[in-house]
Amino acid sequence: MSLTETVTQELLKVTAARTPTRAAELATMLRLAGGLHNIAGHIAVEVELENQEIAARIRRDIAEIYGLKSEGRMSPSSGSRSAPIFLVRVLDGGETLARQTGLLDARRRPIRGLPNKITTANVEDLAAVWRGAYLAAGAVTDPGRSAALEIACPTNEVAMALVGAAARLGVTAKAREVRGMHRVVVREDESISQLLNLMGAKNAVTEWEDLRQRREVRANANRLVNFDDANLRRSAQAAVAACARVERALEILGPDIPDHLAYAGKLRLDFRDASLDELGHHANPPMTKDAVAGRIRRLLAMADKRASDLGIDNTSANLPDDLDD
């Protein structure tokens, strides 16, 4: 089961104790999942959903809160869609329902956003608004770089109303338009967890946090591995470059090399993969890594000066072409 479905199943088990809170959730679902239609001169309220349990919840709430009957039917899947659609319609009493839920204003005009009375309600009702929005048109992705809780909205006004409701709940949400579709998106991991908690999906929050922690641990491990690999690669390339330059230095200076510098160069060539600290331990008597580095540096500088005086290639001439910059 996807995280979206997990959240949906948990939210379906949440039933508010107060009737106004249930009404706020229902009004939001009716606004986001459906609309108003004029059928034979009568206003009908219709919603279309892909989840039969959500459709049944809407029908139950319409009956229990407003005492109205609704029709329910299923439209089977077809070539254009893989899942069946569940339709809920209120024809007799549709205008009454629209007025009572706030989907019609005082002049019998359909509202563009969400009913004002629910977006200015208390925190419990605002959480119900977001719960209804999620059940009607919501989705949540697994934690990670592109983690998000999204609500598809019919208009920009609805999206902005949800953004405002989220702000009153202390959650940062943003309205976006993608390919002509209006959406409300919550991105920050903490905000997603907070909103899921407020809506009532507490078990889903636990699953979300577990997934997030596992991914963070895995990401940190991958970063450390990549960091170590990069360090090893740079160390290996530095050793190859140093050996190539020392070999060229020995060629340029020939028998004129001071003994202590020649010894440091020979150490470098005898132990090609060793670090400077390890080269110092191989020396007899042992030397510090700074002493080894200093001798090799003077050897290369002496050879480069001799090459410049003779007009020949210096110690960089033997460097492999495939070394990273």
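The values are calculated or read from the model by the stated rules, or taken from the named source; none is laboratory data. What you see is a predicted model; the values in this text were computed from it and never measured. Ideal geometry is used to build each Cβ from the backbone, glycine not excepted, and the neighbour counts take in all protein chains shown.
Taking the range 100-126, which residues are basic (K, R) and closer than 29 Å to L195 by Cα?
Keep residues of the range 100-126 that are basic (K, R), which gives 107-109, 112, 117.
Result: R112, K117.
Taking the range 74-174 and the strands (runs of 3 or more DSSP E) fully enclosed by it, the elements with 2 or more residues that are in contact (Cβ under 8 Å) with a residue 40 or more places away in the chain and more than 18 Å from R57 (Cα to Cα) are at 138-140, 149-153. Do the conditions hold for V129, that is, is it within 16 Å of the chain's Cα centre (by Cα) and buried (at least 19 other Cβ atoms within 10 Å of the Cβ)? Here the answer is no, as V129 does not meet what is asked.
Of the residues making up the range 167-197, those that are surrounded by 15 or more Cβ atoms within 10 Å (Cβ to Cβ), over 19 Å from T4 (Cα atoms) and small (G, A, S) number 1. Is it true that T96 is surrounded by fewer than 20 Cβ atoms within 10 Å (Cβ to Cβ), under 21 Å from H37 (Cα atoms) and among the polar types (S, T, N, Q)? Considered against the rule, which asks whether it is surrounded by fewer than 20 Cβ atoms within 10 Å (Cβ to Cβ), under 21 Å from H37 (Cα atoms) and among the polar types (S, T, N, Q), T96 comes out as yes. Scan the range 231-269 residue by residue and report those that are of a type in the set (D, E, K, R), free of Cβ contacts under 8 Å to residues at least 40 places away in the same chain and surrounded by 12 or more Cβ atoms within 10 Å (Cβ to Cβ). The answer is E251, K266, R268.
Would you please name the residue that is surrounded by the most Cβ atoms within 10 Å (Cβ to Cβ), looking only at residues in the range 99-125 that are of a type in the set (A, V, I, L, M) and closer than 19 Å to A33 by Cβ? Can you show your working first?
Of all residues in the range 99-125, those of a type in the set (A, V, I, L, M) come to 103-104, 106, 111, 114, 118, 121, 123.
Adding the requirement that they be closer than 19 Å to A33 by Cβ leaves 103-104, 111, 114, 118.
Values: L103: 22, L104: 21, I111: 19, L114: 28, I118: 25.
By that ranking, first place goes to L114.
Can we say G200 is small (G, A, S), touching a Leu at 6+ places or on another chain (Cβ under 7 Å) and either surrounded by 13 or more Cβ atoms within 10 Å (Cβ to Cβ) or at pLDDT below 85 (or both)? Against the criterion (small (G, A, S), touching a Leu at 6+ places or on another chain (Cβ under 7 Å) and either surrounded by 13 or more Cβ atoms within 10 Å (Cβ to Cβ) or at pLDDT below 85 (or both)), G200 qualifies.
Among the residues examined, R272 does not qualify as among the basic types (K, R), assigned to a helix (DSSP H, G or I) and exposed (fewer than 15 other Cβ atoms within 10 Å of the Cβ).
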